[in-house]
Amino acid sequence: MFALVDCNNFYASCERLFRPDLKHTPIVVLSNNDGCIIARSAEVKALNIKMAQPVFKLRHIIQQHGIVCFSSNYPLYADLSARVMCTLEELACEVEVYSIDEAFLNLKGFEKNIDLNAFALQIKNTVLKNVGLPVCVGIAPTKTLAKLANHGAKMYKATNGVVYLDSPLRIKKLLALVTVDKVWGVGRKISKKLNDIGIYSALDLANANPKHMRKLFSVNIEKTVSELNGTACLALEEVPNTKQQIICSRSFSERVLDYQSMREAICSYTVRAIEKLRLEKQHAKVITISLRTSSLSIHDKQYANSITGKLQIPSDDTRDFTELASQLLTKIWRDGYRYAKAGVMISDFYDQVIHQKDLFEDNTQKTRNPNLMKVLDEINQSGIGKVSFAAEGLQKGWSMRQQFLSPAYTTRWKDLAKVW
DNA sequence: TCTGGGGTCCTAGGACCC
DNA sequence: TCTGGGGTCCTAGGACCC
């Protein structure tokens, strides 16, 4: 048996937690740059405002209904997420943190000893009491079914936020009620293709021939079919896999026109990415940088390009990567475009410092003293101050817009909530 | 004027090996 | 007329997830 615990309207609920005055006010959380809507409170969903809608198109309706906007505040959400996960780990010993707002619990054998309906309620109430965030709980024999049970708990008010699929009959009933695109692993493209061959509900998919589905789609969909029929193919993964790539990319708050600004942006993203690399305790060899104009600005000349470069020896020293990134940028930079976005991707990771050098390669890469990066990270994580690389620039006119940012209530001393 | 960011996995096809 | 079989590695592209 698996449980899936998923926070309701997670980002919106996080913001509301520290603003009890907004308990019944419709609120939304915006993507980076305050561009799109990425989380909505129940009142906003009721207004039929969809996910990922650009906010500038909704100005009118936002004003009309007094919707309160928040820029995304990831330090806050990450901290509250950690609190939710801690609470779950006290309730079950095997927990897989699946995303920032949801986790699978392994409840193998639980059903023999306790009432899982009561347990689901206990999870819901404990998280609400300990952290203050509302969650829904779905329990079922496989992860895919637990996801669907959770979906049911969110969809139907009468469930009180918990659904336990304790019998084949209940499973069948729910499968018949939900459309196939709601199934975990079935996205837009695949559900359209499924519709074309007469598969509309989750039940239709469960009844399909698994081998045929594999042929038509992939091994993943074959597994999904089995999971829908109660055969677990996906195990709980307690230890997170080591990362294979690190991406740092952003849209600019205003279009970038000059080379110098672009270079600063690329270097800043590189600095961030390599910081993350050191947090992962990894070294890497490959960096890809990319830049693009906005395909939505139809009157602009369009240009997009990317380029990949490789160090000779894996490194976690920022200087190696900013140097390489700057060289790469000269090759794909073109004057005369209105750039909207740039990004950096790090890949080809090595977890040991020991590296087999190439006998025939002329090795020119500098050997760096690792202490500098260590000190740098210590200062930047100390909360006392920040140091940065000159290559990142000082003005950063392109850096993202966060007009409605809430305080970091739980992670910064000066932002602590005050109670009068 | 203004439209997010960060990931994973699978497959097909090409190059190559014996 | 008929031209093997089995395998690895890499990359690009596509699909999915939150």
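The values are calculated or read from the model by the stated rules, or taken from the named source; none is laboratory data. This is a predicted model, so every value here is computed, not measured. Note: ideal-geometry Cβ built from the backbone for every residue, glycine included; neighbour counts use all protein chains shown.
Restricting A:415, A:377 to those that are away from DNA strand B (no atom under 16 Å from the Cβ), farther than 22 Å from residue A:272 by Cα and of a type in the set (Asp, Glu) reduces the list to A:415. Could you say which residue among A:251, A:297, A:226 is under 20 Å from the mean Cα position of the chain (by Cα) and farther than 18 Å from residue A:389 by Cβ? Of the residues listed, the single one that is under 20 Å from the mean Cα position of the chain (by Cα) and farther than 18 Å from residue A:389 by Cβ is A:251.
Looking at the stretch A:225-243, can you tell me whether even one residue there is within 13 Å of DNA strand B (Cβ to nearest atom), under 30 Å from residue A:371 (Cα atoms) and in contact with a helix residue (DSSP H, G or I) (Cβ under 6 Å, 6 or more places away or on another chain)?
Looking for residues that are within 13 Å of DNA strand B (Cβ to nearest atom), under 30 Å from residue A:371 (Cα atoms) and in contact with a helix residue (DSSP H, G or I) (Cβ under 6 Å, 6 or more places away or on another chain), one finds none in the stretch A:225-243, hence no.
When you scan the stretch A:104-125, do you find a residue that is within 16 Å of DNA strand B (Cβ to nearest atom), surrounded by 18 or more Cβ atoms within 10 Å (Cβ to Cβ) and on the phi < 0 side of the Ramachandran plot, even just one? Yes, the stretch A:104-125 has at least one match.
Has the stretch A:165-184 got at least one residue that is acidic (Asp, Glu) and touching a Gly at 6+ places or on another chain (Cβ under 8 Å)? So far as the stretch A:165-184 goes, yes, one or more of its residues are acidic (Asp, Glu) and touching a Gly at 6+ places or on another chain (Cβ under 8 Å).
For residue A:98, the conditions (1) assigned to a helix (DSSP H, G or I); (2) under 20 Å from the mean Cα position of the chain (by Cα) are fulfilled apart from (1). I'd like the residue in the stretch A:251-295 that is away from DNA strand C (no atom under 16 Å from the Cβ) and in a strand (DSSP E or B) and, out of all such residues, is farthest from residue A:401 (Cα to Cα). Of everything passing the filter in the stretch A:251-295, A:283 is farthest from residue A:401 (Cα to Cα). Can you find even one residue in the stretch A:292-304 that is within 30 Å of residue A:378 (Cβ to Cβ) and small (Gly, Ala, Ser)? Checking the stretch A:292-304: not a single residue is within 30 Å of residue A:378 (Cβ to Cβ) and small (Gly, Ala, Ser). All told, residue A:231 meets the bar of being at pLDDT 95 or above and outside any strand (DSSP E or B). The listed residues are A:346, A:307, and the only one of them that is β-branched (Val, Ile, Thr), modelled with pLDDT of 95 or more and within 16 Å of DNA strand C (Cβ to nearest atom) turns out to be A:346.
Just one of (1) surrounded by 21 or more Cβ atoms within 10 Å (Cβ to Cβ); (2) modelled with pLDDT under 95 fails for residue A:75. It is (1). Each residue in the stretch A:310-330 was checked for being closer than 16 Å to residue A:289 by Cβ, in a strand (DSSP E or B) and among the β-branched types (Val, Ile, Thr), and 0 pass.
Within the stretch A:78-98, the set of residues being within 16 Å of DNA strand B (Cβ to nearest atom), in contact with a strand residue (DSSP E or B) (Cβ under 9 Å, 6 or more places away or on another chain) and not β-branched (Val, Ile, Thr) comprises A:81, A:96, A:98.
Kindly indicate the residue of the stretch A:147-198 that is in a loop (DSSP other than H, G, I, E, B) and near DNA strand C (Cβ under 10 Å from one of its atoms) and also surrounded by the most Cβ atoms within 10 Å (Cβ to Cβ) among those meeting that condition.
We begin by selecting, within the stretch A:147-198, every residue in a loop (DSSP other than H, G, I, E, B); these are A:156, A:160-161, A:165-167, A:178, A:183-187, A:197-198.
From the residues that got through so far, the ones that are near DNA strand C (Cβ under 10 Å from one of its atoms) too are A:183-187.
Working: A:183: 27, A:184: 18, A:185: 15, A:186: 22, A:187: 10.
Going through the qualifying residues, I end up with A:183.
Close contacts from the stretch A:126-149, counting a first residue that is under 16 Å from residue A:169 (Cα atoms) and a second that is β-branched (Val, Ile, Thr) and part of a loop (DSSP other than H, G, I, E, B), with Cβ to Cβ under 9 Å and a gap of 6+ residues or different chains, come to A:141/A:231; A:142/A:231; A:148/A:178; A:148/A:183.
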